[in-house]
Amino acid sequence: MASATDIELIPMEVPIGQGYQIYIKKIIWSGIQELLEQELDKLFSVFGCVFRIVVRPSPEESEEWYAYVTFFSTRAAKSVVEQKGKLILDGQPLKINYSQSSKLRKYELSLGKMQELLTYYFGFNCWTSEIVFMERELEPAEPNTVQYLCFVRVKMPKEGLCSEGLGLSSVPCNLDSPVSRGSAFSCSQKFAMHAALKSAFSKFIIIVLANGKVTVEVDTTKQDPLIYDPAWDNPVIKVKDIFYDPEDEDECDDLDDMTEEQLEEILNQPI
């Protein structure tokens, strides 16, 4: 039977604290920064899912760099540190140590990173999603706004798991302008769907055992701030086929990579 020390829990959160981040100093690199980041990502993603890589030029040497690599798993970071002096980049051994301090602050993980984390451990097409309910609020809390409520289910069929999430969005709108109304309706639906998917994915917890076995569970104690009505399972209109790809959005691009502060800034822009 596995003990607590044999189990690592990886929630859908930004990895904050000691043990997640490594520091690499005196990297000799004559190429551009973007290529160095790509090479480091290829090198370290073998050990675990990488949350972020920060590369900076050394102020003393023109072709010398340093980098911070943050993992979602402390075991992954430990495995890299144990390879000190053995990992080679562009013919040079890397000088690796734990980072003594992390400047990462606590904020919600983006939807794209949640999906990337699940995909890393369980492969492509490991999850499916469906919209159970999407409806416009006829009496929004704020005047001159369009508000939508969305309820989604995210399933991991192989694991037999299902996570549900609610999303509510409110977008400013000039009700006298058809163009403004159409744009607000479209964006509000997309924001609500994004929020609902993010809520559903945030409840997954990845479990890694010492023998390398990986499984996943749903945190049933994590509740949505909204109240779910079972009647939503039987909507008046049933949608049979919905295609949603955040990268293809025209009106609201790159929602997955935005922080909650950036989303609020967009929503609070004047009409």
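Here, each number is a calculation from the coordinates, and none is a lab measurement. On a predicted model such as this, the values are computed, not experimentally measured, just so you know. Neighbour counts are summed over all protein chains in view; Cβ atoms, including those assigned to glycine, are modelled from backbone coordinates with ideal geometry.
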When the charge dipole of the stretch 22-130 is computed with +1 at the Cβ of Lys and Arg and -1 at the Cβ of Asp and Glu, the Cα pointing farthest to the positive end, of S62, L117, G91, is that of L117
One finds, for L161 and L9 with R0 = 22 angstrom and r their Cβ-Cβ distance, a FRET efficiency to the nearest 0.05 of 0.90
Hits in the stretch 57-75: amide N under 16 Å from the 7 Å Cα→Cβ extension of I32, namely 57
Quick note, the stretch 1-64: a/c under 1.5 would make it rounded; otherwise a/b > b/c is prolate and the rest oblate (a ≥ b ≥ c, C-alpha gyration tensor); here it is prolate
Long-range share for the stretch 17-98, i.e. C-alpha pairs more than 21 Å apart as a percent of all pairs, stands at 20 percent
Semi-axes a, b, c in Å (a largest) for the stretch 79-151, each sqrt of 5 times a Cα gyration tensor eigenvalue, come to 45, 19, 9
Placing each pseudo-label 7 Å from Cα in the direction of the beta carbon, R52 and D90 end up separated by a distance in nanometres of 2.4 nm
